[in-house]
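Q: Handing you a structure now.
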Protein chains: 2
Amino acid sequence: MSILVVGSVAYDTVETPFGKAERVLGGSASFFSVAASFFVPVNLVAVVGRDFGDAQLAAFKGRPIDLEGLERQDGATFHWQGKYSYDLNSRDTICTELNVFEAFKPKIPAAYRKSEFVFLGNIDPALQREVLEQVERPKIVACDTMNFWIKGRLDELKKTLRRVDILLINDSEARELSGEWNIVKAARAIHALGPKTLVIKKGEHGVLMFSPEGSFAAPAYPLEDVFDPTGAGDTFAGGFMGYLASHGGHGEEALRRAVIMGSALASFCVEAFSLDRLLKLDRKEIDARFGLFKRLTHFEAI
Amino acid sequence: MSILVVGSVAYDTVETPFGKAERVLGGSASFFSVAASFFVPVNLVAVVGRDFGDAQLAAFKGRPIDLEGLERQDGATFHWQGKYSYDLNSRDTICTELNVFEAFKPKIPAAYRKSEFVFLGNIDPALQREVLEQVERPKIVACDTMNFWIKGRLDELKKTLRRVDILLINDSEARELSGEWNIVKAARAIHALGPKTLVIKKGEHGVLMFSPEGSFAAPAYPLEDVFDPTGAGDTFAGGFMGYLASHGGHGEEALRRAVIMGSALASFCVEAFSLDRLLKLDRKEIDARFGLFKRLTHFEAI
């Protein structure tokens, strides 16, 4: 079962305490697609400029990632530049050059319209809805968003959320969207907006999922060397959705394993700049890290 | 197998967004003792003033908590006053009146000297060592400390840590003690100071344990109504040590279940002011919450 993903493909310039990477491949849809492609074929919808070349495309080649939906427009590719604090726990955006992404109107190729799994990356919620209107009968719609849309386009976002099954956001976004500080109350308020399942990403503190069958908590893997957190959330989403799609469903046990799979993928992502670590990864390493998560969290019943 | 605990018995005045409690029972040894007493007999060593009356003692009565070591001195009992922020994630200390606690020199009654499980609450590290010198042959020594001692009495603390098996501290303390921001590196540095097992408390984000057999991550229970976080860390320690002592050992599986037991106790503690919720608790409720932690964290292997 394939996944349709709509989001950004971008150049990132990233500075961490350990080094700097200039104009490397980034963007939510890039991280998502590569992570999901370990499990199922991915149909990628995004836009790049004329400056986006074969070297960048190489990251997607040789993987089950279809590029028919990767539009090329006159102009420059979206470029984001950020700098992390010494502890990697906060970052400053140095510049955001939207370029061709500013006028992005996702066009879903005919071949993608039967997609059963859809991931709406972090774009204008009105555009997220336009994507859904071009898809025939999705089985699972998952969605990301950010504070910018919660603040500025709340009505549009609420309309979109009514059509979303799974919302993946971080804890501060969940609090802002719900107006509730307590995370359990926040989850209940967000369920009432539409999504039956809410996956709250807490960075180094892991993930909390609230589904129709209850709550599930997963830690982040305690890593000795975190090199660059950029893309970890999108990589999580890709691993999560990829695993779900490969199992064709979203029962509670599949959702839980999908959270762990997403966490495993994200734990590799942060080990290097850009998609460097993901591109060297194989399924055996992923499954081994899934096993480490099992060992990390297991305890016997009393 | 009984536990010896040395720490504070105090009056707390606590203000949270939900109310205020004046001069209620508090102190690390109070929370610890009541939590541990669900599992094993507890020998309590602390000091109170002449103002500490039968009403306060009632909390310990009817439980297997021996009070021979609860010294009564001329003067007033230790009083701490704090106020929590609207989100309960930070607190300001309004006043700390050490009173009789200032000159506390723990004297271990003869009947306590054969204790096999010892918990050194957060007091001057030189005093923690004096306690150890009065105990014959402890099997497990666990210890708490705080930034105040890490900053001001590091050499003394290091001498104490060489004799400690299990150190229980929070994440900011682990970083300060080790000089390492990364928590895995911090754990390695602390192991080198003596404690073979390190339990890092992260509040609403749960617990990370680094033991000789690897790492274990446990979430905090996602509660809808957190009323007052005061004493949660000491309650965790009490549940943790109580469970370990009741099993007479500290193998990896017992340590992991002890972390969950401590987390379960702590999740009750925060539901009310002071020890109010703990004092109404029974073992059946504790075991039921242990079961909820199992459900909260369980996923199937792939």
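Q: Quick check on the stretch A:197-302: take the gyration tensor over C-alpha atoms, sort the square-rooted eigenvalues as a ≥ b ≥ c, and tell me if it's rounded (a/c under 1.5), prolate or oblate.
A: In terms of gyration-tensor shape, prolate.
Q: Given Cα pairs under 8 Å that are at least 6 residues apart, what percent is the relative contact order of chain B?
A: 17
Q: From the residues B:Phe216, B:Ala110, B:Trp181, which one has its Cα farthest along the dipole of the stretch B:98-225 in the positive direction, the dipole being from +1 and -1 charges on Cβ of Lys/Arg and Asp/Glu about the Cα centre?
A: B:Ala110
Q: Let me ask something else about it. Quick one: label points 7 angstrom along Cα→Cβ at B:Asp54, distances to the other copies in nm, smallest first?
A: Going from nearest to farthest copy, the values are 9.3 nm.
Q: Determine the distance separating the Cα centre of the stretch B:113-173 from the Cα centre of the stretch A:98-129; give it in Å without decimals.
A: 58
Q: Counting GluC sites (Glu not before Pro) as exposed when in a DSSP loop with at most 15 other beta carbons within 10 Å, what is the longest stretch of chain A free of them?
A: A:137-212
Q: Antiparallel DSSP bridges in the protein assembly as shown: what percent, to the nearest 5?
A: 40
Q: Then there is this: Students often get this wrong, so check it: of A:Lys280/B:Lys185; A:Lys158/A:Lys201; A:Lys83/B:Lys151; A:Lys105/A:Lys159; A:Lys107/A:Lys158; A:Lys61/A:Lys294, which have C-alpha atoms separated by over 27 Å?
A: Listed pairs above 27 Å: A:Lys83/B:Lys151; A:Lys61/A:Lys294.
Q: Now for a different question. Please state the charge dipole magnitude for the protein assembly as shown, taken about the Cα centre, from unit charges on C-beta atoms (+1 on K and R, -1 on D and E), reported in debye and rounded to the nearest 20.
A: 980
Q: Here's a follow-up. Using +1 on the beta carbon of Lys and Arg, -1 on that of Asp and Glu, and nothing else charged, what's the dipole of the stretch A:75-138 about the Cα centre, debye to 20?
A: That gives a dipole near 220 debye.
Q: Okay, moving on. Out of B:Lys284, B:Lys185, B:Lys114, any idea which swings most in a Gaussian network model of chain B, alpha carbons joined below 10 Å?
A: Top of the fluctuation ranking is B:Lys284.
Q: With respect to the symmetry axis carrying chain A onto chain B, which residue of chain A exhibits the smallest Cβ distance to that axis, and what is the value in whole Å?
A: Nearest Cβ to that rotation axis, in whole Å: A:His205, 2.
Q: Report the equivalent ellipsoid semi-axes for chain B in whole Å, largest first, defined as the square roots of five times the eigenvalues of the gyration tensor built from alpha carbon atoms.
A: Ellipsoid semi-axes (Å, largest first): 26, 23, 20.
Q: Related question: Would you mind classifying the stretch A:6-57 by shape? Square roots of the alpha carbon gyration tensor eigenvalues, ordered a ≥ b ≥ c; an a/c under 1.5 is rounded, otherwise it is prolate if a/b is larger than b/c and oblate if not.
A: oblate
Q: Right, another one. What number, rounded to the nearest 500 deg cm²/dmol, is the helix-based mean residue ellipticity at 222 nm of chain B, given -39500 (n - 2.57) per DSSP H run of at least four residues and division by all its residues?
A: Rounded to the nearest 500, it is -10500 deg cm²/dmol.
Q: Let me ask something else. Can you pull a Stokes-Einstein diffusion coefficient for the stretch A:249-302 at 4 °C (1.567 mPa s), Rh from Kirkwood over Cα pairs, as a whole number of µm²/s?
A: Translational diffusion coefficient: 105 µm²/s.
Q: Sticking with this one: Suppose a student asked you for the relative contact order of the stretch A:152-302, using Cα pairs under 8 Å spaced at least 6 residues apart; what percent would you report?
A: 16 percent.
Q: How charged is the neighbourhood of A:Phe227? Take every other residue with its Cβ under 15 Å from the Cβ of A:Phe227, and add Lys/Arg as +1 and Asp/Glu as -1.
A: Here the charged neighbours net out to -3.
Q: Counting other Cβ atoms within 10 Å, which chymotrypsin sites (Phe, Trp or Tyr not before Pro) in the stretch A:50-95 have at most 14 and lie in a DSSP loop?
A: A:Tyr86
Q: To the nearest whole number, what is the average tally of beta carbon atoms from other chains within 10 Å of the beta carbons of peptide B:211-218?
A: For this peptide, the per-residue mean of nearby foreign Cβ atoms is 4.
Quick note: the coordinates plus some simple rules give every number you see, no bench work behind them. These figures come from a predicted structure and were not determined experimentally. So basically every Cβ, Gly included, is an ideal-geometry build from the backbone, and we count neighbours across all protein chains shown.
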